[in-house]
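Worksheet: one structure, shown below.
Just so you know, all these numbers are worked out from the coordinates, no wet-lab data involved. Because the structure is predicted, anything quoted here is derived from the model rather than measured. Virtual Cβ from ideal backbone geometry, glycine too; neighbours counted across all protein chains shown.
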Amino acid sequence: MSLGIENSRRFRAFPVWATLMAYGRNGVKENIKTNIHHAEVFANWLDKSDKFVLVKPCELNVVLFKPNSEILNLSSDECIAKLNESGQVFLTPGNWKGQPIIRAALSNWSTSDDDVQRVMTTLNNI
C-alpha cells in the first residue's frame, strides 16, 4: 500500500517521468552539462568585467554577482530593476553572506549561447 500513488495528492513524479521518457538519461545529462557550461561562460565574463563583481566562483548553474558600485553607482536592487525592465533578461535578487546580490540561475533546457551573450550585452549597456 505504501508503494502506490496516493490518491489524495497529485502525481508529483509525473514531470520527472515524462522528462526522462522524452529526453532519456543522456538527454537530461546533456541539458545539465549545457546549463553548467553557460553558467561558467557567464561567470568568467563577470570575473573579467570592471562593471560587475563575481561574488562567488561558479560551481554549478547559479552565478552570484553584484554591480561594482564604484563604477556603476547602483545597488544590486537598482541594477536588477534596470535589467528586468529592459525585457532582455530576468534576474532575481539574492543574499550572500549578508550582502544583497544578483542571482542568475541558468536552468532552462532551451537556453542558448545567444541567450547568454544577450545577458552579457545587456549588462554591458547599463
Problem - Ala13 over 19 Å from Ala105 (Cβ atoms) and aliphatic (A, V, I, L, M) - result: yes
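Residues of segment 80-101 being in a loop (DSSP other than H, G, I, E, B) and farther than 18 Å from Leu64 by Cα, which ones? Give the derivation first.
Quick first cut of segment 80-101, residues in a loop (DSSP other than H, G, I, E, B) only: 86-91, 97-98.
Passing the criteria: Ser86, Gly87, Gln88.
From the list Lys82, Lys51, exactly one residue is of a type in the set (D, E, K, R), in contact with a Pro (Cβ under 9 Å, 6 or more places away or on another chain) and surrounded by 14 or more Cβ atoms within 10 Å (Cβ to Cβ). Which is it? Give the derivation first.
Values: Lys82 fails: in contact with a Pro (Cβ under 9 Å, 6 or more places away or on another chain).
So the residue among Lys82, Lys51 that is of a type in the set (D, E, K, R), in contact with a Pro (Cβ under 9 Å, 6 or more places away or on another chain) and surrounded by 14 or more Cβ atoms within 10 Å (Cβ to Cβ) is Lys51.
Each row is one residue, and each column tells you yes or no for (1) under 15 Å from the mean Cα position of the chain (by Cα); (2) charged (D, E, K, R); (3) farther than 19 Å from Asn124 by Cα.
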| residue | (1), (2), (3) |
| --- | --- |
| Lys29 | no, yes, yes |
| Asn44 | yes, no, no |
| Val62 | yes, no, yes |
| Leu83 | yes, no, no |
| Val89 | yes, no, no |
| Gly94 | yes, no, yes |
| Pro100 | no, no, yes |
Problem - Filter result (in contact (Cβ under 8 Å) with a residue 12 or more places away in the chain and in contact with a strand residue (DSSP E or B) (Cβ under 7 Å, 6 or more places away or on another chain)) within segment 77-98 - result: Asp77, Cys79, Ile80, Leu91, Thr92, Pro93, Gly94, Trp96
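It is to be established whether one or more residues within segment 33-40 are under 14 Å from the mean Cα position of the chain (by Cα), over 21 Å from Thr122 (Cβ atoms), in a helix (DSSP H, G or I) and not aromatic (Phe, Trp, Tyr). Spell out the reasoning first.
Just the residues of segment 33-40 that are under 14 Å from the mean Cα position of the chain (by Cα), to begin with: 33-40.
Okay, now just the ones that are also over 21 Å from Thr122 (Cβ atoms), so 33, 36.
Subset that is in a helix (DSSP H, G or I): 33, 36.
Okay, now just the ones that are also not aromatic (Phe, Trp, Tyr), so 33, 36.
Checking segment 33-40: at least one residue is under 14 Å from the mean Cα position of the chain (by Cα), over 21 Å from Thr122 (Cβ atoms), in a helix (DSSP H, G or I) and not aromatic (Phe, Trp, Tyr).
One line per residue, one yes/no per condition, for (1) at negative phi; (2) surrounded by fewer than 13 Cβ atoms within 10 Å (Cβ to Cβ); (3) part of a strand (DSSP E or B):
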site: Val16; (1), (2), (3): yes, yes, no
site: Cys58; (1), (2), (3): yes, no, no
site: Glu78; (1), (2), (3): yes, no, no
site: Arg103; (1), (2), (3): yes, no, yes
site: Val116; (1), (2), (3): yes, no, no
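So is Glu40 crowded, with 17+ Cβ neighbours inside 10 Å, without any contact (Cβ under 8 Å) to a residue 60 or more places away in the chain and among the acidic types (Asp, Glu) or not?
Judged against the criteria, Glu40 is a match.
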Completion exercise
Going through segment 85-96 in order, the residues found to be surrounded by fewer than 16 Cβ atoms within 10 Å (Cβ to Cβ) and either touching a Phe, Trp or Tyr at 6+ places or on another chain (Cβ under 6 Å) or within 16 Å of Phe42 (Cα to Cα) (or both) are Gln88, Phe90, Thr92
Practice task
For residues that are out of contact with any strand residue (DSSP E or B) (no Cβ under 8 Å at 6 or more places or on another chain) and part of a loop (DSSP other than H, G, I, E, B), scanning just segment 60-76, find the one that is surrounded by the fewest Cβ atoms within 10 Å (Cβ to Cβ).
Solution key: Asn73
Practice task
Report whether or not Gln99 is farther than 22 Å from Glu30 by Cα and either among the aromatic types (Phe, Trp, Tyr) or surrounded by 14 or more Cβ atoms within 10 Å (Cβ to Cβ) (or both).
Solution key: no
